[in-house]
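Below you'll find the structure, written out as structure tokens, and then a few comments.
What follows draws every value from the coordinates through simple rules; no lab data is involved. In this text, all values refer to a predicted model and were calculated from it rather than measured experimentally. Methodologically, a virtual Cβ is constructed for each residue, glycine included, from the backbone with ideal geometry; neighbour enumeration extends over all protein chains shown.
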Amino acid sequence: MTPRRHGELVVTGVVGRDVDMAAAREAAGLAADNAVTALVEAVGLAGIDRVVKMTVFIAAVEGFTAHSAVADGASAVLRERLGARGAVARSAVGVRTLPSGAPVEVELVAAVTQPS
């Protein structure tokens, strides 16, 4: 998921050039919120057993090394929305570009219970 509201990307650019750290953390949080919302829509909140893994991709300038600080925004949203079920193994990866010029993209892997 990317940082979108109502289907519109709310921030674009490269972290460290067009996007500062605070905006990058906020964008990561929004992307994570979108991913959790997609899970809830698929299986309901009670159907989420736990988030197993999260990968946060960050489009950043060459030499950028604060990937984990950006990913902290996504981790905070998981804890806020899911409590202990959002405590997750996490990777933060720097990349050259992301879809539609997004500065961050969040991928979640979750253990779920299928609704009956």
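At-a-glance table
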read-out	value
Charge dipole (the chain, unit charges on Cβ, about Cα centre) - positive-most of Ala102, Val52, Ala71	Val52
Peptides ranked, highest mean first, by Cβ atoms within 10 Å: ranges 94-107, 14-27	14-27, 94-107
The chain, helix-only ellipticity at 222 nm - DSSP H runs n ≥ 4, -39,500 (n - 2.57), divided by all residues, nearest 500	-11500 deg cm²/dmol
Contour minus Cα-Cα distance for Glu62 and Gln114 (0.36 nm per residue)	14.5 nm
Dipole of the chain, positive direction: furthest Cα of Ala84, Leu30, Gly13, with charges on the beta-carbon	Ala84
Principal-axis tilt of helix 67-82 within the chain, Cα atoms, nearest 10 degrees	20 degrees
For the chain, projected area of the alpha-carbon convex hull averaged over all directions, nm²	6.6 nm²
In degrees, nearest ten, helix 21-43 long axis to first principal axis of the chain (Cα)	30 degrees
Additional length obtainable on full extension of the chain from Glu8 to Asp49, 0.36 nm per residue less Cα span	11.8 nm
Estimated dipole of region 15-116 in Debye, rounded to 20 [Cβ of Lys and Arg +1, of Asp and Glu -1, Cα centre]	280 debye
Percent of beta bridges antiparallel (DSSP, region 4-112, rounded to nearest 5)	55 percent
